[in-house]
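Here is the structure we will look at, set down as structure tokens.
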Amino acid sequence: MSAVPESPATISLQNLKGVGPRLVQRLQRLGITTLEQLLFHLPLRYQDRTQITPLGSLQVGDEAVIEAEVVLAEVSQRGRRALLCLLQDGTGGLTLRFFHFSPVQYKLLTQPGTRLHCYGEVRSGAGMLEMVHPECRRLDGEAPPVLEDYLTPVYPTTEGLHQLTLRSLFQQALQRLEEEPECLPEWLPPSLRERLKLPTLAAAVQRLHRPPAALPPLELEAELQLARRRLAFEELLAHQLSLRQLREQVQRNAALPLTGGDGLRRRFLQGLPFTLTAAQQRVIQEIDADLVQPRPMLRLVQGDVGSGKTVVAAAAALRAVAMGFQAAVMAPTELLAEQHYQSFSNWLAPLDLEVAWLTGRLKGKAREAMLAQIRSGEAAVVVGTHALFQEGVVFAGLALVVIDEQHRFGVHQRLALREKGRQGGYCPHQLIMTATPIPRTLAMSAYADLDTSIIDQLPPGRTPVQTVVISENRRAEVIDRIRLACGQGRQAYWVCPLIEESEVLQCQAAADTARYLAQTLPGLRIGLVHGRLKSAEKEQVMAAFKAGELELLVATTVIEVGVDVPNASLMIIENGERLGLAQLHQLRGRVGRGSAQSSCVLLYRGPLSEQAHKRLAILRASNDGFEIARRDLELRGPGEVLGTRQTGDLQLRVADLMRDEDLLDAVQQTARELLQDYPRQAQAIVRRWIGEGERYGEV
Ligand code: ADP
Ligand code: MG
């Protein structure tokens, strides 16, 4: 690969005047370590210091430059001690107020006749307008006024880093850019730039840091907008490119083409108590088309809660099994792993296939036995948690990895898995499933390394869950509902979500609730699951609930994903106002899995904040995970929606996925073109915005 020329990513900030170790540290807090990163640190807003406002025309709230003469000064002891300084300019007067002042400032400000040049915000004072702690400079003699030709940027900053320091750094950086344009090379080929009608990066950066004051405001606004979009475009492009490169890297590996297995597949489908929905069939076809390729499949299946993803995973697994290879199914929690193990065992036992099971809790002899089954190939399908990919687990021939509920794993984890799954020179096919629908904006940016399939249909016979929002002081009504539902042979969940920081306290809360419900609902068979139970205990309780031996299950959010008990028709969620939309939708998805009318009661503790109110209203109005995800993104922004673990994967300096959504199509297309025709530039862009290797660790 050709070397990327020297770029300012390698020009350290220490080359700028006045930058010592302390400043370097502070800049680092803003994510700035190079000259380029400095240039991508954009102003929050601008001040107009290009003209002097006569004191007589100042208005409260103005940020203004003034020039006037000191006529009177005194240290006032009334109220908070302050130095007051009365200025006049022939059109009116203004008070400057300083709560702190050095002896030098004191001397400067208290000499009647001194002419001052000040910049500050105008406030209403006692009987006269005033500025509190304005920036001040003495004007010597009849010197001409010092005015700026450009608007003055105000930057986002951090403690101990003054605006003036930042401005001086930018002045130097921009000057350097003018003298040596090669310090910010242009990587977008001119033809592409013209088609996209985007300015050069250098021009955009200049505009944003030094907007000319002479332009009419609307024109200026449009120019700044365009300049910002130029940067945002390149940043989104960098992310897109890096994910695509990653994908290419993976797909350069060989994979086992899975071509057979029609007979086995048919027998499996015939044994199911239902027929697949059209959406499930379509997605299975999409998967099959990938599996016959000699390079690894990288496919994300999105399907709302209850859309039937597990059976799709099983259908894919059989392709591997039919060829004598193995499939691994990874779930994010023990509970879910256990449940998948049950489903797969039920489905595959009639086909004379062994399913193995492996989680972190499996110890000693039992673990050894499982490992042996996996190593010998006796186990056709292996279900488990991430323990599947720990040291010591050796597969006889792993051809497919299914990762369920992918939203819990970031790009990083995805990659680590790909690496660990590699055995005997082959990379396994990868199928990733998520019930948290990923809005298009995110799918196109954070998940660009994957192909996507969507199960956009629920199995027939489901009635949408009715959702009600009730204040927790109407608990008695809720208890009546439980009594009624269970009296009709239905089952119910009562979820106590995390409101305490500690898991211990959370489990405690669930235990207390279970006790309280047992007292209030005598005669009802009540179970309790939470994260601190031993895995065997959890399984026992879940199995009893599934078998209908328990009627009410009190749980923490351990049951959030995947748990499937079709007879459960009532879900109570406490502290609904504290949970995110995606999580609430997931929890609610535990009911409405059978044909009975199901309902979900969101208990809240008032008063509700406006945000919480909106969230709950969205949930009440919609059962559609995609719609909910879209509204969620609007309410909270992408960082939050992806969850803290994933935000590390998508830290944007300039771009904003909501605001810049309309750029994404062009970003995708440009990424394709660059990789094809301008690989060197593509690499330079990734390096400029994301760095090399940093983001994806060892890979
Ligand atoms: P999810 O997509 O949330 O993982 P599951 O795979 O757990 O959904 O499926 C939910 C329930 O629907 C399970 O009980 C499953 O057996 C059932 N199911 C799946 N596909 C169909 C279908 N086509 N018709 C009827 N029931 C189905
Ligand atoms: Mg599932």
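The values are calculated or read from the model by the stated rules, or taken from the named source; none is laboratory data. None of the values given here were measured: they were computed from a predicted structure. Positions of Cβ are generated from backbone atoms using ideal geometry, with glycine treated the same way; all protein chains shown enter the neighbour counts.
Hey, among the residues in region 567-588 that are within 16 Å of ligand 1 (Cβ to nearest atom) and not polar (S, T, N, Q), which one's surrounded by the fewest Cβ atoms within 10 Å (Cβ to Cβ)?
Ala582
Return the residues of region 274-330 that are part of a loop (DSSP other than H, G, I, E, B), surrounded by fewer than 21 Cβ atoms within 10 Å (Cβ to Cβ) and more than 16 Å from ligand 2 (Cβ to nearest atom); say none if nothing qualifies.
Thr275, Val292, Gln293, Pro294, Arg295, Met323, Gly324 - these are the residues of region 274-330 that are part of a loop (DSSP other than H, G, I, E, B), surrounded by fewer than 21 Cβ atoms within 10 Å (Cβ to Cβ) and more than 16 Å from ligand 2 (Cβ to nearest atom).
If you go through region 444-482, how many residues are within 30 Å of Met297 (Cβ to Cβ) and of a type in the set (D, E, K, R)?
We begin by selecting, within region 444-482, every residue within 30 Å of Met297 (Cβ to Cβ); these are 444-460, 462.
Of the ones still in play, those that are also of a type in the set (D, E, K, R) are 449, 451, 456, 462.
Looking only at that region, the number is 4.
Inside region 224-260, can you point out the residues that are in contact with a strand residue (DSSP E or B) (Cβ under 9 Å, 6 or more places away or on another chain) and more than 17 Å from Pro428 (Cβ to Cβ)?
Answer for region 224-260, where residues must be in contact with a strand residue (DSSP E or B) (Cβ under 9 Å, 6 or more places away or on another chain) and more than 17 Å from Pro428 (Cβ to Cβ): just Leu224.
Looking at (1) away from ligand 2 (no atom under 16 Å from the Cβ); (2) at pLDDT below 85; (3) of a type outside the set (Lys, Arg), can you tell me which one Val558 breaks?
Only one criterion in (1) away from ligand 2 (no atom under 16 Å from the Cβ); (2) at pLDDT below 85; (3) of a type outside the set (Lys, Arg) is unmet by Val558, namely (1).
What single numbered condition from (1) modelled with pLDDT of 90 or more; (2) surrounded by 20 or more Cβ atoms within 10 Å (Cβ to Cβ); (3) in contact with a Pro (Cβ under 9 Å, 6 or more places away or on another chain) fails to hold for Val641?
Status for Val641: all satisfied but (1).
Which pairs turn up if I take residues in region 397-411 that are at pLDDT below 75 and within 16 Å of ligand 2 (Cβ to nearest atom) and look for partners that are among the β-branched types (Val, Ile, Thr) and not in a strand (DSSP E or B) with beta carbon separation below 7 Å, at least 6 apart in sequence or on another chain?
His407/Thr436
Among the residues of region 590-605, write down those that are among the small types (Gly, Ala, Ser) and in contact with a strand residue (DSSP E or B) (Cβ under 9 Å, 6 or more places away or on another chain).
Passing the criteria: Gly592, Gly594, Ala596, Ser598, Ser599.
With within 16 Å of ligand 1 (Cβ to nearest atom), more than 26 Å from Arg532 (Cα to Cα) and touching a strand residue (DSSP E or B) at 6+ places or on another chain (Cβ under 7 Å) as the only criterion, which of Ala317, Ala380 stands out?
Ala317
Across region 331-380, which residue is surrounded by the most Cβ atoms within 10 Å (Cβ to Cβ) among those that are part of a loop (DSSP other than H, G, I, E, B) and at pLDDT below 90?
Once the filter is applied, the top-ranked residue is Ala331.
Let's see how each residue does on (1) surrounded by fewer than 23 Cβ atoms within 10 Å (Cβ to Cβ); (2) more than 14 Å from ligand 1 (Cβ to nearest atom); (3) of a type outside the set (Asp, Glu); (4) touching a residue at least 12 places away in the same chain (Cβ under 8 Å):
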site	(1), (2), (3), (4)
Gly531	yes, yes, yes, yes
Ser535	yes, yes, yes, yes
Val541	yes, yes, yes, yes
Ala547	yes, yes, yes, no
Leu553	no, yes, yes, yes
Ile559	no, no, yes, yes
Val565	yes, no, yes, yes
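Would you please name the residue that is nearest to Leu517 (Cα to Cα), looking only at residues in region 574-591 that are of a type outside the set (Asp, Glu) and not in a helix (DSSP H, G or I)?
Asn575
In the set Glu186, Glu130, Glu135, which member is of a type in the set (D, E, K, R) and within 30 Å of Glu673 (Cα to Cα)?
Values: Glu130 fails: within 30 Å of Glu673 (Cα to Cα); Glu135 fails: within 30 Å of Glu673 (Cα to Cα).
After applying the criteria, what remains is Glu186.
Got at least one residue in region 126-146 being over 49 Å from the mean Cα position of the chain (by Cα) and surrounded by 15 or more Cβ atoms within 10 Å (Cβ to Cβ)?
Yes: one or more hits.
Testing Ile690 on (1) under 14 Å from Glu234 (Cβ atoms); (2) of a type in the set (A, V, I, L, M, F, W, C); (3) in contact with a helix residue (DSSP H, G or I) (Cβ under 7 Å, 6 or more places away or on another chain); (4) at pLDDT 85 or above, one condition comes back false. Which one is that?
(4)
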